[in-house]
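Visitor: This is the structure I want to talk about, given as structure tokens.
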Amino acid sequence: MAWMVHPWRIWSFPENWIPKGMDKFELALQCGISVLVVACPYALGLATPTAVMVATGKGASQGVIIKGGNELEKAHKVKTVVLDKTGTLTVGKPVVVNAVMQCSSPISHAHNNVQVGPEVEKYVSEHENLARTCVLVAIDGMIAGSFAVTDPVKQEAARVISYLFTR
């Protein structure tokens, strides 16, 4: 049996009532805070700022910066999350994953006064479909080569995204 002392009486409760990850003191403290809130309405005025302060501190220890209480209050209304993937979901160190030397004759759609042929368009399209950035190299107005760059996704990115959308 676990014991909790109250100013007017002593309570006891079975050990299995203590939630996992909590000890007797934490349960007693929570019960005491509950009694205080019920007995003293002013405690309610302290509860919100205290909760905001604890949440802000907990978030900061996990690398999340929260501007203030207003932002926390608005958070439950969030319907869309937009992330800048570079360095957030990715490692932040782009690497070249493919390079090709090309000699193309000028054919059609000019980009910055450089003629881009269908084989180059195909190369760019294929790599962009793989979430890669293509860089074209031109000499004297002719495509001389191209390379594809990608920023590897962090190992924990999928878990983080699934966590965001399952809550």
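The values are calculated or read from the model by the stated rules, or taken from the named source; none is laboratory data. Since the model is a prediction, treat every value here as computed from it, not as a measurement. Cβ coordinates were reconstructed from backbone atoms using ideal geometry, including for glycine residues, and neighbour counts include every protein chain displayed.
Visitor: Give the residues of segment 1-31 that are at pLDDT 80 or above, assigned to a helix (DSSP H, G or I) and out of contact with any Pro (no Cβ under 9 Å at 6 or more places or on another chain), sorted by residue number.
Guide: 16, 24, 25, 28, 29, 30, 31
Visitor: Can you spot a residue in segment 73-91 that is closer than 30 Å to residue 150 by Cα, modelled with pLDDT of 80 or more, in contact with a helix residue (DSSP H, G or I) (Cβ under 9 Å, 6 or more places away or on another chain) and of a type in the set (Val, Ile, Thr)?
Guide: Yes, segment 73-91 contains at least one residue that is closer than 30 Å to residue 150 by Cα, modelled with pLDDT of 80 or more, in contact with a helix residue (DSSP H, G or I) (Cβ under 9 Å, 6 or more places away or on another chain) and of a type in the set (Val, Ile, Thr).
Visitor: Of the residues that sit in segment 114-167 and are over 12 Å from residue 98 (Cα atoms) and among the polar types (S, T, N, Q), which one is surrounded by the fewest Cβ atoms within 10 Å (Cβ to Cβ)?
Guide: 166
Visitor: I'm trying to understand the selection: among the residues of segment 114-155, which are within 24 Å of residue 84 (Cβ to Cβ) and aromatic (Phe, Trp, Tyr)?
Guide: 147
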